[in-house]
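A.B. asks: Structure incoming, see below.
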Amino acid sequence: MTSDPVDPYIFSSDTLPSDSRLMPALTNGLLGWRVFDPVMHMAKVYNGEGGVCHRCDIPCPLAVQMKTAEVGQDTYKLDMRSGIFSHTVVTPRFEATQVLYAHREQSNLLVMEVLLKRTETSAEPFTIQLESSFNPQSEDIVFQDAPDYKSGRHIFGQTISSEVPGGTRPFVHMIWTPVTSTLTLPADQSQSSWVFLVSVAGSFESVRACYDTGLGLIVTANLRPSHLRSWAELWKGSSIEVEGPESLNRALIGCMFYLLSSFTSLSEANAGSKFGGVSPGGLSNGSKEEDYHGHVFWDQDTWMYPGVALFYPSLAKAVLNYRVSTIEGAKANAQLMGYKGLKFAWESAATGHDVCPEDIYAQQELHINGDVALAFQQYFYLTQDLGMFREGRGSEVVWGIADYWVSRATWVPSESLYHIRGVMPPDEYYSDVDNSVFTNAIAQRSLRFAIELSSLLGHMPPPAWQDVADKIKIPFDPELKYHPEFDGYKQGSQVKQADVVLLGYPLTMPMTPEVRRNDLEVYEAVTDPLGPAMTWGMFAMGWLELGEAERAQTILQKCFQNIQKPFQVWSESADGSGCVNFITGMGGFLQTVMFGYTGFRVQKEQLAFAPLLPQEVGSLSMKGVSYLGNKMDWLINSTEVTVSMWNPAKESGSQEPTPLEIVLKSGTTMALIPGQSVTFPREPGQIRKVNSGSYCWAL
């Protein structure tokens, strides 16, 4: 297998992976598909009640592989700059290319194009075969035939069962251009091309309108160009690259590609289109008994969300709106457990009712509530968009979570502290423990944000919010100066994944460098080497905070075991097992560079930074960092930092840019002016509103 040595955005090979799970995913936030697979998925379309709820298998008409009678050279290529997968066969007489993509702008469309071109002057016709594994049936949807529409086949059906008793069962309509078994280039032509469309939607009207849009784009020769423009817009405002090891640079590009692919287009996000959330394996995976059934976990809010929130507030808001759409389910979850407020599902699908197959996780992994609240808090600090909380029901989410924590906490008179008992921490090797340090710390943070939000919106918070926030137990060993994972944790016991180390990032809980170091040392030594892929990035983050860039880089290298060639598909575990196209792991890896190398910390009144690069990285370029309505490009090298500010294109309802300045720890202040750059020595500092208040330095 080989990769293009020139363009780091292109991943190519002369053979396909032996494991079809490692084929690249083509997704656009609404439709998701593994290349050549006979099954695709659609956002928010699930089948099965409760714990057997899973993404519906929808048959994919583009499950087609190109074959030639003549022996030729095969090249399979995933171009991450354009979101296009291609298969090219070159023979002495001709060149045949099959192109596949999930349209980035028109998210109801999947596209296949085939181009045949002569490579010699022979006047003979030639033919290629298109071998299809498409079967217009599904175990999740009973499809019926509808009349053909503009030469396209049309089927439709409804999911067999609803997620909750008496709930809705979505319809799926699909119109597609029939794929013939052969394509022939006539003797009198030097080249020819064919386009095959698949349109998927929830109604007759929508699927026809989307198919018509695709046909119109073909007529105007704008089908692929409109897709390319949308990807170009995304990359312009969210690229991250390093000058250094090629493997690191390509890993970053691959992670950003699959992460961005999981979200709707910017135009759809700005228009407020409904978003179905991101599951650990993305939209291309999640069939029955596969990749967590396509459910949404804390993975979305903690591991994936920061990577888009720092670039695109509209995509971040889509994640928040997904949680808002599940408020009724969260309310029912809390009531079912005998508590007040909102209990967001450990495994969420379309309704927010918990669809986890095993009750212990649904009942005990309570930290999901704090993870959701933290995402809302980060969004507010990055945008100061109070409308999301006033009119967008964000306050209902934050306050409902606070009410849940209060009802879930137990006062222990002997300690004069509140306990949260009977939980499972992020480290799932333990259950039914008391006072998980991460759970209690994130509960404390979400309670304090609820109080802060109340003051901004003129709401009188219940006194219990402050009382529990002030008196909740945060386990700490004063002799060994580290945080036990929970009450009764025995130092040296194996842990599954990053847990206590998350106190430093993303929670930014105050602690001395000595305690931070001890937490890292204690848990790094006992973390399962086959634990989930996002773990090692968080240890690397901690060492970067402490100024130990080389140690951080050594730990970060462990992540590369989870990257499966040739198409940069991540596996959940280092041995290739577990969930594939594991966007959770990609998100953790990205954060190590985005927030670790830069030292970015999203704080109440500033975006703090403390750049630090390992020796093998010559420079880091991040384009499109978004803060208070502005866009910034950052270039960090071994001695200095250059920041260039620009205003994004004005979108309907978007935030007016706020004047910003940089304040360095040394005291230097520099105004950030759109269209201009500033360069300064590589030292800690902060970006804040012009003439705003006091400083809070990053480590």
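The values are calculated or read from the model by the stated rules, or taken from the named source; none is laboratory data. Remember, it's a predicted structure, so these values are computed and weren't measured experimentally. Glycine also receives a Cβ, built like all others from the backbone with ideal geometry; neighbour counts cover every protein chain displayed. The area values use the complete protein model at the heavy-atom level, side chains included, leaving out ligands, DNA and RNA. Shrake-Rupley method; radii C 1.70, N 1.55, O 1.52, S 1.80 Å.
A.B. asks: Put +1 on the Cβ of each Lys and Arg and -1 on the Cβ of each Asp and Glu in the stretch 137-236; which of Ser190, Pro178, Gln158 then has its Cα farthest toward the positive end of the dipole?
C.D. replies: The one lying farthest along the dipole's positive direction is Ser190.
A.B. asks: What's the ranking of 123-129, 538-544 by average number of surrounding C-beta atoms within 10 Å, highest first?
C.D. replies: Values: 123-129: 13.9, 538-544: 26.4.
Result, highest mean first: 538-544, 123-129.
A.B. asks: If amide hydrogens are placed 1.01 Å from N in the peptide plane, which non-local residues have theirs closer than 5 Å to the one on Ala608?
C.D. replies: Placed amide hydrogens put Arg601, Gln603, Ile687 under 5 Å from Ala608.
A.B. asks: Can you give me the % of accessible surface on the stretch 269-372 that is carbon or sulfur? Probe 1.4 Å, all protein chains present, nothing else counted. Don't skip to the end; give the middle numbers.
C.D. replies: Values: 1420 of 2980 Å².
Carbon and sulfur together cover 48 percent of it.
A.B. asks: Between Lys565 and Val71, with labels modelled 7 Å along Cα→Cβ, what's the label distance in nm to one decimal, could you check?
C.D. replies: Using points 7 Å along Cα→Cβ, the separation is 2.5 nm.
A.B. asks: Right, next: Between Lys481 and Leu457, what is 0.36 nm times their sequence separation minus the Cα-Cα distance? Round to one decimal in nm. Could you put the intermediate results ahead of the total?
C.D. replies: Details: separation 24, 0.36 × 24 = 8.64 nm, distance 3.94 nm.
Computed gain between Lys481 and Leu457 is 4.7 nm.
A.B. asks: Applying the Karplus parametrisation 6.51 cos²θ - 1.76 cosθ + 1.60 with θ = phi - 60° to the phi angles of the stretch 356-370, what ³J(HN,Hα) value in whole Hz is obtained for each residue in order, glycine and proline being reported as x?
C.D. replies: In residue order, the calculated couplings are 5, x, 10, 4, 4, 6, 4, 7, 10, 7, 6, 4, 3, 4, x Hz.
A.B. asks: Follow-up. Counting heavy atoms of the protein chains only and a 1.4 Å probe, report the per residue accessible area for the stretch 196-281 as a whole number of Å².
C.D. replies: Working: 2910 Å² over 86 residues.
Result: 34 Å² per residue.
A.B. asks: Pairs of alpha-carbon atoms within less than 8 angstrom and 6+ residues apart define the contacts here; what relative contact order does the stretch 215-373 have, in percent? Spell out each step's value before the answer.
C.D. replies: Details: 189 pairs, mean separation 25.6, N = 159.
Computed value for the stretch 215-373: 16 percent relative contact order.
A.B. asks: Quick check: the angle from helix 223-236's long axis to the longest principal axis of the chain, C-alpha only, nearest 10 degrees?
C.D. replies: Computed tilt is about 20 degrees.
A.B. asks: Quick check for you: with a 1.4 Å probe and neighbouring chains kept, what is the accessible area per residue of the stretch 90-142, in Å²?
C.D. replies: Values: 2230 Å² over 53 residues.
Each residue of the stretch 90-142 exposes 42 Å² on average to a 1.4 Å probe.
A.B. asks: For a label point 7 angstrom out from the Cα of Glu640 toward its Cβ, which stretches of the stretch 669-687 have the backbone nitrogen within less than 19 Å?
C.D. replies: Once the point is set 7 Å along Cα→Cβ of Glu640, 669-673, 675-686 turn out to lie under 19 Å by backbone N, inside the stretch 669-687.
A.B. asks: Label the chain by shape, choosing from rounded, prolate and oblate, from the square roots a ≥ b ≥ c of the eigenvalues of the Cα gyration tensor; if a/c is under 1.5 it is rounded, and otherwise prolate applies when a/b is larger than b/c, oblate when it is not.
C.D. replies: Numbers: a/c = 1.80, a/b = 1.46, b/c = 1.23.
It is prolate, given that a/c is not under 1.5 and a/b is the larger ratio.
A.B. asks: Along the charge dipole of the chain, Cβ charges K/R +1 and D/E -1, which of Tyr379, Leu503, Ser431 sits furthest on the positive end?
C.D. replies: Of the options given, the answer is Tyr379.
A.B. asks: How large are Rg and Dmax for the stretch 226-294 when calculated on the C-alpha trace, in angstrom?
C.D. replies: My reading of the Cα-based Rg and Dmax gives 14.6, 42 Å.
A.B. asks: Tell me the relative contact order for the stretch 362-428 as a rounded percent, counting alpha carbon contacts under 8 Å between residues six or more apart.
C.D. replies: Details: 40 pairs, mean separation 29.1, N = 67.
In percent, rounded to a whole number, it is 43.
A.B. asks: Which is the longest part of the chain that has none of the GluC sites (Glu not before Pro) sitting in a DSSP loop with at most 16 other Cβ atoms within 10 Å?
C.D. replies: Values: sites that count: Glu49, Glu70, Glu120, Glu139, Glu289, Glu358, Glu391, Glu415, Glu479, Glu605, Glu616, Glu651.
No qualifying site falls inside 140-288, the longest such stretch.
A.B. asks: Under 19 Å from a point placed 7 Å out from the Cα of Glu550 along the Cα-to-Cβ direction: which residues of the stretch 242-268 have their backbone N that close?
C.D. replies: 244-245
A.B. asks: On to the next question. How high is the relative contact order of the chain, in percent, counting Cα pairs under 8 Å that sit 6 or more residues apart?
C.D. replies: Relative CO of the chain lands at 11 percent.
A.B. asks: Here is a further query. What is the dipole size for the stretch 42-84, taken about its Cα centre, with +1 at each Lys and Arg Cβ and -1 at each Asp and Glu Cβ, in debye to the nearest 20? Could you put the intermediate results ahead of the total?
C.D. replies: Details: 5 positive and 5 negative charges, 33 e Å.
Dipole about the Cα centre, nearest 20: 160 debye.
A.B. asks: Lysines near Lys343 by alpha-carbon distance under 17 Å, same-chain residues fewer than 8 away left out - which ones?
C.D. replies: Lys331
A.B. asks: Continuing with this model, one more query. Kindly write out, for the stretch 216-221 in residue order, the coupling ³J(HN,Hα) from the Karplus curve 6.51 cos²θ - 1.76 cosθ + 1.60 (θ = phi - 60°), rounded to whole Hz, with x marking Gly and Pro.
C.D. replies: x, 5, 5, 4, 8, 6
A.B. asks: Obtain the nm distance between the two label points defined at Glu616 and Asp7 by a simple spin-label model: each point lies 7 Å from its Cα along the Cα-to-C-beta direction.
C.D. replies: 2.7 nm
A.B. asks: Still on this structure, I have one more. I'm checking a number: the convex hull volume of the Cα atoms of the stretch 197-353, normalised per residue, in Å³. What is it?
C.D. replies: Values: hull volume 25.2 nm³, N = 157.
In the stretch 197-353, the Cα hull volume divided by residue count equals 160 Å³.
A.B. asks: Could you work out what % of the accessible surface of the stretch 456-542 is carbon and sulfur, using a 1.4 angstrom probe and leaving DNA, RNA and ligands out of the count? Working shown, then result.
C.D. replies: Numbers: 2000 of 3530 Å².
Looking at the stretch 456-542 in its full context, I get 57 percent from C and S.
A.B. asks: Taking 0.36 nm per residue of separation and subtracting the Cα-Cα distance, what length does fully extending Leu386 through Thr15 add?
C.D. replies: On the way: separation 371, 0.36 × 371 = 133.56 nm, distance 5.15 nm.
The Leu386-Thr15 span can extend by a further 128.4 nm.
A.B. asks: When a/c is below 1.5 the answer is rounded, else prolate if a/b is larger than b/c, else oblate, so apply that to the stretch 13-134 with a ≥ b ≥ c taken from the square roots of the Cα gyration tensor eigenvalues.
C.D. replies: Working: a/c = 2.51, a/b = 2.26, b/c = 1.11.
Prolate, because a/c is 1.5 or more and a/b exceeds b/c.
A.B. asks: Taking amide hydrogens as modeled 1.01 Å from N in the peptide plane, which residues meet the under 5 Å criterion relative to Val39, leaving out close sequence neighbours?
C.D. replies: For Val39, the qualifying residues are Cys60.
A.B. asks: Just to make sure I understand: if all protein chains stay in place, what is the order of Thr592, Thr15, Thr121 by accessible area at 1.4 Å, largest first? Working shown, then result.
C.D. replies: Values: Thr592 0, Thr15 65, Thr121 140 Å².
The residues order as Thr121, Thr15, Thr592, largest area first.
A.B. asks: Check the straight Cα-Cα distances from Lys236 and name the aspartates and glutamates below 18 Å, setting aside those fewer than 8 residues away within the same chain.
C.D. replies: Counting by Cα, and skipping residues close in sequence, Lys236 has these aspartates and glutamates nearby: Asp7, Asp79, Glu105, Glu268, Asp633, Glu651.
A.B. asks: Pick out, from Ser199, Pro59, Val617, the residue whose Cα sits farthest towards the positive end of the charge dipole of the chain, with +1 on the Cβ of Lys and Arg and -1 on the Cβ of Asp and Glu.
C.D. replies: Working it through, the farthest residue towards the positive pole turns out to be Ser199.
A.B. asks: Express in % the proportion of alpha carbon pairs of the stretch 472-602 at distances exceeding 22 Å.
C.D. replies: Working: 3065 of 8515 pairs.
Counting pairs separated by more than 22 Å, the tail of P(r) holds 36 percent.
A.B. asks: Treating the angle as unsigned and between 0 and 90°, give the value, to the nearest 10°, between the Cα long axis of helix 246-261 and the longest Cα principal axis of the chain.
C.D. replies: 80 degrees
A.B. asks: Let me ask something else about it. What number, rounded to the nearest 500 deg cm²/dmol, is the helix-based mean residue ellipticity at 222 nm of the chain, given -39500 (n - 2.57) per DSSP H run of at least four residues and division by all its residues?
C.D. replies: Numbers: 17 runs with 191 residues, N = 699.
Only helices count here, giving -8500 deg cm²/dmol.
A.B. asks: Which distance in nm do the two modelled labels at Ser273 and Val195 give, with both placed 7 Å along the Cα-to-Cβ direction?
C.D. replies: In this crude spin-label approximation the distance works out to 1.8 nm.
A.B. asks: A further question on this structure: Please say if the stretch 536-597 is rounded, prolate or oblate, where rounded means a/c under 1.5 for a ≥ b ≥ c the square roots of the C-alpha gyration tensor eigenvalues, and otherwise the choice is prolate for a/b larger than b/c and oblate otherwise? Please list the in-between numbers first.
C.D. replies: On the way: a/c = 2.54, a/b = 2.12, b/c = 1.20.
Prolate, because a/c is 1.5 or more and a/b exceeds b/c.
A.B. asks: Let me ask something else about it. Note down the magnitude of the dipole of the stretch 430-559 about its Cα centre, charges +1 on Lys and Arg C-beta and -1 on Asp and Glu C-beta and zero elsewhere, to the nearest 20 debye. Each step should come with its number before you reach the end.
C.D. replies: Values: 11 positive and 18 negative charges, 46 e Å.
That gives the stretch 430-559 a dipole magnitude of about 220 debye.
A.B. asks: For the stretch 115-252, report the % of Cα-Cα distances exceeding 21 Å.
C.D. replies: 65 percent
A.B. asks: Give me the extension gain from Ser577 to Thr668: residue separation times 0.36 nm, minus the current Cα-Cα distance, reported in nm with one decimal.
C.D. replies: Details: separation 91, 0.36 × 91 = 32.76 nm, distance 5.04 nm.
Here the segment from Ser577 to Thr668 would lengthen by 27.7 nm.
A.B. asks: For the chain, find the longest principal axis of its Cα atoms and tell me its angle to the long axis of helix 437-457, 0 to 90°, nearest 10.
C.D. replies: 90 degrees
A.B. asks: A follow-up question, please. What is the magnitude of the charge dipole of the chain about its Cα centre, with +1 placed on the Cβ of each Lys and Arg, -1 on the Cβ of each Asp and Glu, and no other charges, expressed in debye to the nearest 20?
C.D. replies: On the way: 51 positive and 76 negative charges, 324 e Å.
The calculated dipole for the chain is roughly 1560 debye.
A.B. asks: OK, next. Compute the semi-axes of the equivalent ellipsoid of the stretch 573-651, taking the square root of 5 times each eigenvalue of the Cα gyration tensor, and list them largest first in whole Å.
C.D. replies: On the way: eigenvalues 140, 68, 30 Å².
One finds semi-axes of 26, 18, 12 Å for the stretch 573-651.
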